[in-house]
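The structure appears below as structure tokens.
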Amino acid sequence: MKPAIQHNESLEKAARFDFVTAKKAAMITRAINHKLRQRMLGLLEENGQLVASEVYLKLRLDESAASQQLSILRRAGIVSTERSQQNHRHILYSLNHVRINEIMQCVNALVGASTQANNEV
């Protein structure tokens, strides 16, 4: 009888767990896995670009809470920022679709690998 999962020796030797990279990846997935930040992402999806004050007004949030959550999304690369042409004091937030696609490809690969491993057991 064949084992459910066949191992490739060359892959086993090449694979080293990089804790720093894993920690960064966890930070990115935690940024997405938060109800308030998910609402912010939905709002940005609907509106394209918004300044922070529009985000906190539309979501009925405290200004500092909104800024903190937007900062987490920005550090994860999920949202992009640029200065407003009309008022240089305002920062416009928008979704970074390239980064979101990269993240979703990784997540789908992990979920697919996990699902496949569970089906083989």
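Amide H contacts of HIS90: SER84, each under 5 Å away and 5 or more positions distant or on a separate chain (H built 1.01 Å from N in the peptide plane; Pro and chain starts excluded). Put simply, the amide H of GLN49, placed in the peptide plane, has no neighbours under 5 Å, leaving out anything fewer than 5 places away on its chain.
Between amide H atoms placed 1.01 Å from N, distances below 5 Å from LEU95 occur with SER80, all of them 5 or more places distant or on a separate chain.
Listing SER80, SER71 from fewest to most neighbouring C-beta atoms within 10 Å gives SER71, SER80.
Coordinate-derived values only; no laboratory data. Predicted model, so just to flag it, every value in this text is computed and none were measured. When we count neighbours, we look across all protein chains shown, and the Cβ atoms used for this are built from the backbone with ideal geometry, even at glycine.
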